[in-house]
Amino acid sequence: MKAAVIYEHGGPGSIKYETNFPDPVAGHGEVVIKVHAATLNYHDVFTRNGMPGIKVPMPMIMALDFAGEIVEVGEGVEGGWKKGDRVMIDPSDRKNFGGVLGEVRHGGLAEYCAVPDHHLVRLPDDVSFETAACLPVAYGTAWRMMVTIGKIKAGEKVLILGASGGVGTCCVQLAKLAGAEVIAAASTPEKLQRLKDLGADHLVDYKKEDFMKWVFTNFGKPHRRLYEKGMDVVVNFTGGDTWVKSLRTLHRGGRLLTCGATAGYDPAEDIRFIWTYELQILGSNGWQRDDLKSLLDLVQQGKLKPVIDRTYPLSEINDAFKHMEDRHLFGKILVKP
């Protein structure tokens, strides 16, 4: 089969496109999926490059997020699955508390993939494979952070940093669905226009202006004794030099939501703002199966539409990674095996 494979950790351009990689066989409790669509996440970049403390068996086919149809059912499969069933893959190993597909065992950057049955999520006929492939990692993470943990409410002022990526575009949509006033930050006029089209109420080009000063100018500088001015919520999964500035934009009792640290996990800190303003720092890690079902419901109702930036054939996988790593994307990058 055709597959995008890494044989060792490496940087950009190191993924090998194979046309005769061995086809998978369904083991006990497994099915084989014909992959119709897969999407990339920054987690795939970390897997390709190598992460301290995580051993990736080689060779490895990456991609956590994918969807397709069952073409083979192994012995001992539970759940009533059969050939022809449409499925979305939940890449997290909830049964064995192991790692994720595309990291500890093969993922979706191939024509076929053998998947244990506990990773399968039934895909409704009116949800496309392409849409389903966008949901688990980025949209599942955003749902848990914004809804389950963050509890965004109508009327709240929500600043979203890194709003143009997969998680960010979902955060914008979820905040608007909750009735919040959304301030979206991105790096180019083109991305900002697309965020406006998604429903963002205010736009900040962080390449041209300091988002903290922008908040002070447009919503007032928070005071430690007042539950007003500034932001109710800041979504910050970048870390780095945006961390303390995010704290400073929040009014007393405000919430900072985080699910990652793409710009640095060890930022400068100023805990004075946390205790004097009684701020809540709320972390969110991954998603649960019910979160994915809630997302599918929203998609079916037409309330949520995953944003796909562009589609690449599997043969151009290194170009797809480069587009993501250069941060040119808006939303998700789709790969068609």
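Taken together, the values in this text are just the output of simple stated rules run on the coordinates, not laboratory data. In this text, all values refer to a predicted model and were calculated from it rather than measured experimentally. Note: ideal-geometry Cβ built from the backbone for every residue, glycine included; neighbour counts use all protein chains shown.
If you wrap the tightest convex hull around every Cα atom of region 224-279 and split its volume per residue, you get 60 Å³. Each 5 Å bin from zero holds the following percent of Cα-Cα pairs in region 108-267: 2, 9, 17, 20, 20, 13, 8, 6, 4, 2, 1, 0. Three semi-axes describe the equivalent ellipsoid of region 183-235; taken as square roots of 5 times the Cα gyration tensor eigenvalues and ordered largest first, they are 23, 12, 7 Å. Extension gain for R310 to E269 (0.36 nm times residue separation, less C-alpha to C-alpha distance): 11.0 nm.
Within the straight-line cut-off of under 14 Å between alpha carbons, the aspartates and glutamates reachable from K213 are D205, sequence neighbours fewer than 8 places apart in one chain being disregarded. Full extension of the chain segment joining Q301 with R122 gains 62.8 nm, where the gain is 0.36 nm per residue of separation less the Cα-Cα distance. In a reduced charge model with +1 at each Lys and Arg Cβ and -1 at each Asp and Glu Cβ, the chain shows a dipole moment near 1200 debye about its Cα centre. Placing unit charges on each Cβ (+1 for Lys and Arg, -1 for Asp and Glu) gives the chain a dipole about its Cα centre, and among G220, T188, F66 the Cα reaching farthest toward its positive end belongs to G220.
With semi-axes defined as the square roots of five times the eigenvalues of the C-alpha gyration tensor, the equivalent ellipsoid of the chain measures 37, 20, 18 Å, largest first. With the simple model of a label 7 Å out from the Cα in the direction of the Cβ, T262 to S187 spans 0.9 nm. With no solvent and one equal point scatterer per Cα, compute the Debye intensity ratio I(q)/I(0) for region 1-65 at 0.12, 0.15, 0.22, 0.26 Å⁻¹ and report its log10, rounded to two decimals. Debye intensities relative to I(0), on a log10 scale: -0.34, -0.54, -1.08, -1.30.
Do you know the relative contact order of the chain, to the nearest whole percent, from alpha carbon pairs under 8 angstrom that are 6+ apart?
Numbers: 809 pairs, mean separation 59.4, N = 337.
In percent, rounded to a whole number, it is 18.
Taking Cα centre as origin and charging only the Cβ of basic (Lys, Arg, +1) and acidic (Asp, Glu, -1) residues, the dipole magnitude of region 124-222 rounds to 460 debye.
Residues considered: G179, G199, G76. Largest GNM mean-square fluctuation over the chain, using C-alpha springs under 10 Å, is found at G76.
Here is the P(r) of region 209-337: all C-alpha pair distances, binned every 10 Å from 0, give 11, 28, 30, 23, 7, 1 in whole percents.
Of Y206, Y265, Y17, the residue with the greatest mean-square motion in the GNM of the chain, using alpha carbon springs below 10 Å, is Y265.
Here T276 and K213 are evaluated by their C-beta separation; at R0 = 25 Å the FRET efficiency comes out at 0.80.
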